Amino acid sequence: MRLPKLRVALIAAAVAACGGDEAVPTDAADAPPPPIDASIDASGPPTMLSQTGLYSDIGAGTIAPGVAEYMPRWQLWSDEAAKRRWIFLPPGSQIDTSDMDHWQFPMGTKIWKEFVRDGQKIETRYLEKTGPGATFDDWYAVSFQWMGGDAVAVPGGVVDDPGHNDIPSRSGCRQCHDAQRIPSVVVSFSALLLDVPSADPQVMNLGRLVADGRLTAPPTNPVAGTYFPLPADPVAQAGIGYLHVNCGNCHNDRSAGSVLVGVPGRIELRLAVSELAAGAWSATAPYRTTVGRPSGLNNTLTLVAPGSAATSHLFERLTATTGIRMPPIGREVVDPTGSEEVRAWIAALP
């Protein structure tokens, strides 16, 4: 979960000099800093997590009324940190789901993600939709570092917090949540990731959103507890699902991250519900744009070589710990479970 040390150091220096994490160009000291995201409101941003509305009693850990926990179908790997997520949707509001693969949240939406390592709360990241648009400029983002019974905002980020965890700065949030990577995708609150049953009525899922009238264009005709059935084959479900949530944030149909120098065509690792109707994994973008395709970056490897993870460039980068590792931020060690799921999927390909 670390940001590059040099980047964090530069951000920290900018904070000390300017009182914020926006860097001022050295050749234009009088120019206003570049925008990071929307301001939260006229009264100023929250400085403590207890001010964001997540808790009704932070000391007791009591979640506030109207805030719902959610658990994505597949999990983003964060160097063994355990995570919990919550969302608040303003009363009476709806999520624009006219494009089921790219939800647009109403103003006033709040999202939190808590990171715990070795039983200790390290940080809670906070997003609030403060503008009407669909880019990250319409969101306010900041991380809070836990200190005792509350957490304090750290807009400049923190290097090597307890557990060797790096907390991102506000500008660092853009590395994943910027306009090219689609803010609504990266929060892991989507049709596909929420289309799972939940025995806990307090946990938000797709069925509950439909029942509560929270979607402008709700899906219909659920089949066996799901609105968007996945193709059969649990091995492919696990492997492709892992790529969807860990790689698809950058490598998707709307991101420049899908176009790599030296690689013919696009690499799209995000699943789309519109592609699931065919009932075959081979019809999905993660399969079509990788399996059997030349790497271009490594002439001895194929992006995904059926039956051979050892000669698959995608797997090489997924399991790397050097500069070629993917994802390039947010992890420093290999996910043993996730990498095995991807390896098993590749091994089973005919």
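The values are calculated or read from the model by the stated rules, or taken from the named source; none is laboratory data. Predicted, not measured: the structure shown is a model, and the values here were computed from it. Glycine gets a Cβ as well: all are built from the backbone with ideal geometry, and neighbour counts include every protein chain shown.
Among all positions in segment 280-288, there is no residue which is at negative phi, touching a His at 6+ places or on another chain (Cβ under 9 Å) and surrounded by fewer than 20 Cβ atoms within 10 Å (Cβ to Cβ). Considering Asp137, Asp96, the condition of being charged (D, E, K, R) and in contact with an Asp or Glu (Cβ under 7 Å, 6 or more places away or on another chain) is satisfied by Asp137 alone. Within segment 88-123, restricting attention to residues that are of a type in the set (Val, Ile, Thr) and over 14 Å from the mean Cα position of the chain (by Cα), the residue that is farthest from Gly148 (Cα to Cα) is Thr97.
Taken over segment 131-141, the criterion of being surrounded by fewer than 19 Cβ atoms within 10 Å (Cβ to Cβ) and touching a strand residue (DSSP E or B) at 6+ places or on another chain (Cβ under 6 Å) is satisfied by Ala134 alone. Among the residues that make up segment 142-162, is at least one of them among the hydrophobic types (A, V, I, L, M, F, W, C), surrounded by 15 or more Cβ atoms within 10 Å (Cβ to Cβ), closer than 25 Å to Leu192 by Cα and over 15 Å from the mean Cα position of the chain (by Cα)? Checked against the condition, which is being among the hydrophobic types (A, V, I, L, M, F, W, C), surrounded by 15 or more Cβ atoms within 10 Å (Cβ to Cβ), closer than 25 Å to Leu192 by Cα and over 15 Å from the mean Cα position of the chain (by Cα), segment 142-162 yields no hits at all.
Only one of these is touching a Pro at 6+ places or on another chain (Cβ under 6 Å) and either surrounded by 13 or more Cβ atoms within 10 Å (Cβ to Cβ) or within 26 Å of Phe189 (Cβ to Cβ) (or both): Leu318, Leu301, Leu297, Leu349. Name it. Every option except Leu349 fails the conditions.
Of all the listed residues (Asp150, Asp138), the sole one being of a type outside the set (Val, Ile, Thr) and either closer than 20 Å to Asp99 by Cβ or modelled with pLDDT under 90 (or both) is Asp138. Here the condition is being more than 14 Å from Ile346 (Cβ to Cβ), out of contact with any Pro (no Cβ under 8 Å at 6 or more places or on another chain) and either surrounded by fewer than 22 Cβ atoms within 10 Å (Cβ to Cβ) or at pLDDT 95 or above (or both); of Asn221, Asn252, it holds for Asn221 alone. Determine, yes or no, whether Gln180 is in contact with a Ser or Thr (Cβ under 8 Å, 6 or more places away or on another chain), modelled with pLDDT under 80, surrounded by fewer than 22 Cβ atoms within 10 Å (Cβ to Cβ) and not hydroxyl-bearing (Ser, Thr, Tyr). Answer is yes for this residue.
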